[in-house]
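The values are calculated or read from the model by the stated rules, or taken from the named source; none is laboratory data. Bear in mind that the values here come from a model prediction, so they are computed numbers and not experimental data. Neighbour counts are summed over all protein chains in view; Cβ atoms, including those assigned to glycine, are modelled from backbone coordinates with ideal geometry. Protein only, heavy atoms only, side chains kept; ligands, DNA and RNA dropped before computing areas. Shrake-Rupley method; radii C 1.70, N 1.55, O 1.52, S 1.80 Å.
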Amino acid sequence: MKESLKVSDILALGFMTFAFFLGAGNIIFPPQAGFLAGDHTFPAMLGFLTTAVGLPLIGIVAVAIAGGGWKGLTRDLPTSVATLMAVLIFIIIGPAFAAPRAGLVAYEMGFKPFLTDAGQFELSLFSVVFFAVAMFFSLSQGKLIDTIGKLLTPALFAALVVLAIAVVVNPQGDVAAAQGAYVDQAFATGFLEGYNTMDTFAALMFGMLIVDVIRKKGIKSEAKTCQYLIYAGVIAATGLAFVYVSLFYLGATATGVAAGAANGGAILSAYVMALFGPAGQIILSTIIVLACLTTVIGLVSACSDYFSSLVKVSYRQWVVILSIACAVVANVGLNQLIAVSVPVLFGLYPVAIALIALTFLRRFMPNPAIAYRVVLSVSLVFALFDAAKIAGLDVSALNVLPLFNYGMAWLLPTVIAMVAVRFVPAPKGDSSQAPLNGKLN
């Protein structure tokens, strides 16, 4: 009997993947970027789409090529190093930054506008309820494709389509002149802004969760599993591109209603209020809460699935632990959380990009073990220089580095390292240069 998924299941899988990616950062950062980019919106948007859509899609494809899991992606690294990398990424996209940030954005934009004199108590109460709901859905691991892909995401996407159509039909202002770094570095600034979505990290880790969902649908063939994994990535990338383009245009045409807005959330709120009136806030709240909830469900599920494979604590126990941790961290506050997360992203994002690139180039490396160690080390060292600059440290002596002023000092050294390791021979009798064709992990 031929293994296959129905078209409806493939679409649900893709929508589930889209929903996992579309969270807080995906909705609040594009309007801000479009607002600041102004008449330079097109190059800025291309840069943003590169890191916020292109890299996550390539990351999903890399996971498929590597065999569907983290072990395949990092097979040429020492086990301890690969595990440390995975744990750090899961902490970043889980309880430390991404998941609590999603809860905070859901509160700030979805519920706080309806409250009078909201304070710490209201935030704490919301955090408990929000992450309890996310925990409930995450506990039903085998039903993720049905609960997310067939229930929550269609409602979310419908709300986004309504907003996108309204923005195109009735823009709320003229496109103004570019501001700040977008004046001279529109593409590079948009490229770096895409880091804030954290979706490249998520792509590397969601791949394992999506593979597990596919298997639970009865697909055992490795080839079919990889095929459906790529399908899911393409559907998700298409949806994300649609959302980003519409939100960039929203920001670029928000001068008439959001002058002086401090962040993307304020821009989006003002725009929706102008378009739909008081009912607009309800529409916006629906979009924000659904987007943040589906992302948190995906993050908690992916983290729990991985951590349960490391220690003798069950998946369901990890779901509870991580949900509680996210609720606690969310009480730190949105601005503080974003301020701490940005230098971390600048330090680790280039390593994830280098790992994805190496997955595709591995077959050309005579000595993959050396190649992975050298390239990832180089990308990390130079990325830490960029992170130090973002963190406000005095690193003016590093201005001589190519692209340092653009926040991409890691790029050229990493490319040079990739070229150099191409000429490192493999030890005699070593078979590590064989193409990736291992079993799914």
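GLN281 fails exactly one of the following numbered conditions: (1) more than 26 Å from PHE191 (Cβ to Cβ); (2) surrounded by 20 or more Cβ atoms within 10 Å (Cβ to Cβ). What is the number of that condition?
The number of the failed condition is (2).
Tell me, which residue of segment 240-263 that is open to solvent by 10 Å² or more (accessible area, probe 1.4 Å) and in contact with a Ser or Thr (Cβ under 9 Å, 6 or more places away or on another chain) is nearest to ALA12 (Cα to Cα)?
Top of the filtered list is TYR249.
Go through VAL319, VAL378 for me and flag whichever is farther than 30 Å from VAL129 by Cβ, of a type in the set (Val, Ile, Thr), surrounded by 22 or more Cβ atoms within 10 Å (Cβ to Cβ) and out of contact with any strand residue (DSSP E or B) (no Cβ under 6 Å at 6 or more places or on another chain).
After applying the criteria, what remains is VAL378.
Is it the case, given these coordinates, that VAL344 is of a type outside the set (D, E, K, R), closer than 27 Å to ILE60 by Cα, touching a helix residue (DSSP H, G or I) at 6+ places or on another chain (Cβ under 8 Å) and open to solvent by 20 Å² or more (accessible area, probe 1.4 Å)? Spell out how you get there, then give the answer.
Details: of a type outside the set (D, E, K, R): yes; closer than 27 Å to ILE60 by Cα: yes; touching a helix residue (DSSP H, G or I) at 6+ places or on another chain (Cβ under 8 Å): yes; open to solvent by 20 Å² or more (accessible area, probe 1.4 Å): yes.
Criteria met by VAL344.
I'd like the full set of residues that are touching a residue at least 40 places away in the same chain (Cβ under 8 Å) and either under 25 Å from the mean Cα position of the chain (by Cα) or open to solvent by 90 Å² or more (accessible area, probe 1.4 Å) (or both), limited to segment 109-130.
Scanning segment 109-130 gives MET109, GLY110, PHE111, PHE114, GLN120, LEU123, SER127, VAL128, PHE130.
Which residue pairs have Cβ atoms closer than 6 Å, lie 6 or more positions apart in sequence or on different chains, and pair a first residue in segment 392-403 that is closer than 21 Å to THR414 by Cα with a second residue that is small (Gly, Ala, Ser) and part of a loop (DSSP other than H, G, I, E, B)?
That search, which allows pairs on different chains as well, returns LEU401/ALA409; LEU403/ALA409.
Are any residues in segment 259-279 of a type in the set (A, V, I, L, M, F, W, C), at pLDDT below 85 and within 13 Å of ALA176 (Cβ to Cβ), and if so, which ones?
Correct list: ALA259, ALA261.
What tally of residues in segment 192-225 results from selecting those that are under 19 Å from PHE21 (Cβ atoms), in a helix (DSSP H, G or I) and not hydroxyl-bearing (Ser, Thr, Tyr)?
Here the count works out to 19.
Report yes if some residue within segment 9-17 is at pLDDT 85 or above, under 30 Å from SER221 (Cβ atoms) and open to solvent by 20 Å² or more (accessible area, probe 1.4 Å); otherwise report no.
The answer is yes, given that some residue of segment 9-17 is at pLDDT 85 or above, under 30 Å from SER221 (Cβ atoms) and open to solvent by 20 Å² or more (accessible area, probe 1.4 Å).
Scan segment 201-236 for residues that are open to solvent by less than 10 Å² (accessible area, probe 1.4 Å) and within 24 Å of THR50 (Cβ to Cβ) and report the count.
Here the count works out to 12.
Would you mention how many residues in segment 191-249 are more than 15 Å from the chain's Cα centre (by Cα) and among the polar types (S, T, N, Q)?
Selection size over segment 191-249: 4.
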